[in-house]
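K.L.:
One structure, pasted below without further comment.
The values are calculated or read from the model by the stated rules, or taken from the named source; none is laboratory data. Owing to the predicted nature of the structure, the values given are computational and were not obtained by experimental measurement. Neighbour counts run over all protein chains shown; Cβ positions are idealised from the backbone, glycine included. Note: areas computed on protein heavy atoms with side chains; ligands, DNA, RNA excluded. Shrake-Rupley method; radii C 1.70, N 1.55, O 1.52, S 1.80 Å.
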Amino acid sequence: MPLPGEPTIRRATPEDAGALSRLARRTFVETFGHLYPDEDLQAFLADAYAVDKQRIILEHPDYAVWLLEQGDEAVGHAAAGPCGLPHPDVAQGDGELKRLYVLESHQNGGWGGRLFSEVLAWLEREGPRTLWIGVWSENLGAQRFYARHGFEHVGEYEFPVGRVRDREFILRRGVG
């Protein structure tokens with residue numbers, strides 16, 4: 001049982017689409033907003049984190065999203081589903097951590113790790129399988145975190161945000 005005021009983690013439902021959209025926009029801007037011209041950033045946010053897109057994800061049986069909540073405020077989220085990364089070794093049945101973000105105000109308390117554990121447990125609920133993650137090439141902290149969990153750099157791709165093309169690393173953790 002969580003202590004009063006302590007954050008909690010729960011699986012998101014389609015009714016959370018609006019809250020997830022707002023949180024996804026906020027965490028992306030807080031983490032990466034400084035990298036992009038405002039016009040490109042706003043267009044990306046409007047498309048990638050539209051409420052309708054979040055609802056589709058939340059309704060799809062092959063995807064799952066968790067919310068980290070402090071009281072009635074969502075302060076972090078993680079999403080997982082089938083791997084969609086552009087790597088030739090991706091196979092049907094492989095899973096992917098799609099997103100893992102915690103607001104700066106709630107970082108360094110272990111909550112990102114707890115969200116990550118929820119994702120891994122769900123991705124491997126039917127047994128071990130190959131897992132993938134895409135991570136910004138300059139996000140060294142995330143790369144170290146994933147390396148501690150057995151993920152290795154196996155490729156790269158470009159992630160478009162408007163006219164900007166980010167260099168993303170593809171990380172993989174094999175079975176066994």
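K.L.:
Can you name the number of the only condition in (1) modelled with pLDDT under 95; (2) open to solvent by 20 Å² or more (accessible area, probe 1.4 Å); (3) closer than 26 Å to Leu123 by Cβ; (4) part of a helix (DSSP H, G or I) that Pro2 fails?
P.N.:
(4)
K.L.:
If a residue must be acidic (Asp, Glu) and under 27 Å from Phe44 (Cα atoms), how many such residues does the range 123-176 contain?
P.N.:
Quick first cut of the range 123-176, residues acidic (Asp, Glu) only: 124, 126, 138, 152, 156, 158, 166, 168.
Subset that is under 27 Å from Phe44 (Cα atoms): 138, 156, 158, 166, 168.
Result for the range 123-176: 5.
K.L.:
Same structure, new question: State yes or no: is Val135 out of contact with any helix residue (DSSP H, G or I) (no Cβ under 7 Å at 6 or more places or on another chain), under 21 Å from Ile57 (Cβ atoms) and open to solvent by less than 70 Å² (accessible area, probe 1.4 Å)?
P.N.:
On the way: out of contact with any helix residue (DSSP H, G or I) (no Cβ under 7 Å at 6 or more places or on another chain): no; under 21 Å from Ile57 (Cβ atoms): yes; open to solvent by less than 70 Å² (accessible area, probe 1.4 Å): yes.
No, not satisfied.
K.L.:
Based on this model, can you work out whether Glu39 counts as under 23 Å from Leu140 (Cβ atoms), among the acidic types (Asp, Glu) and not in a strand (DSSP E or B)? Before you say what the answer is, go through the steps one by one.
P.N.:
On the way: under 23 Å from Leu140 (Cβ atoms): no; among the acidic types (Asp, Glu): yes; not in a strand (DSSP E or B): yes.
Spelling it out, it is not the case that Glu39 is under 23 Å from Leu140 (Cβ atoms), among the acidic types (Asp, Glu) and not in a strand (DSSP E or B).
K.L.:
Considering each residue of the range 77-88, count those that are open to solvent by less than 10 Å² (accessible area, probe 1.4 Å) and touching a residue at least 60 places away in the same chain (Cβ under 8 Å), and give that number.
P.N.:
Final tally of qualifying residues: 1.
K.L.:
Then there is this: Of Ala91, Ala121, Ala142, which residue is under 16 Å from the mean Cα position of the chain (by Cα), open to solvent by less than 60 Å² (accessible area, probe 1.4 Å) and of a type outside the set (Asp, Glu)?
P.N.:
Ala142 is the lone residue from the list that is under 16 Å from the mean Cα position of the chain (by Cα), open to solvent by less than 60 Å² (accessible area, probe 1.4 Å) and of a type outside the set (Asp, Glu).
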